[in-house]
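Participant: Take a look at the following structure, please.
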Amino acid sequence: MFRSDFARRYLALGFAEGFAEGFPEGFAEGYVEGVALAVLAVLRHRGVAVPAAAEERIMRCTGVEQAYEWLDRAGTVGSVDELFV
């Protein structure tokens with residue numbers, strides 16, 4: 001693709017910088033998404049109805065603390081509304 005050492009070096013540098021900046025953010029987003037999916041799985045496994053609006057709210061979660069709070073509650077709530085109290 002690039003023939004000069006200069007171009008290859010700066011392409012690699014740009015890739016490394018982009019990876020260093022983007023990887024932690026992407027990892028965190030994926031981690032929270034995984035916890036949100038676990039919340040939904042626990043609720044459904046327990047037979048708790050999860051309307052589409054509640055599922056969307058759970059999947060929009062961006063904070064790991066909130067996601068873990070919901071996961072803790074998912075094991076005991078009687079309705080999805082109790083999850084959001």
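Read-outs throughout are calculated quantities, based only on the coordinates presented, and are distinct from any laboratory measurement. These figures come from a predicted structure and were not determined experimentally. Here the Cβ is made from the backbone with ideal geometry for all residues, glycine too, and neighbour counts use every protein chain on show.
Participant: Enter the per residue convex hull volume of region 26-83, computed from alpha-carbon coordinates, in Å³ rounded to the nearest integer.
Facilitator: Hull volume over Cα atoms, normalised by residue count, gives 62 Å³.
Participant: Something else now. With only Lys, Arg, Asp and Glu charged, each at its Cβ (+1 for the first two, -1 for the last two), find how big the charge dipole of region 26-83 is about the Cα centre; round to the nearest 20 debye.
Facilitator: That gives a dipole near 180 debye.
Participant: Contact order normalised by length for region 26-83, with contacts defined as Cα pairs under 8 Å and 6 or more residues apart; what percent is it?
Facilitator: Contact order relative to length: 44 percent.
Participant: Modelled label-to-label distance, F84 and E33, 7 Å Cα→beta-carbon offset: nm?
Facilitator: Simple spin-label model gives 2.2 nm for this pair.
Participant: Counting other Cβ atoms within 10 Å, keep those with at most 12, restrict to DSSP loop, and tell me which trypsin sites (Lys or Arg not before Pro) in region 20-84 are left.
Facilitator: R46, R60
Participant: Sticking with this structure for a sec: Identify, among V32, W70, V42, the residue whose Cα sits farthest towards the positive end of the charge dipole of region 26-83, taking +1 on the Cβ of Lys and Arg and -1 on the Cβ of Asp and Glu, with the dipole about the Cα centre.
Facilitator: V42
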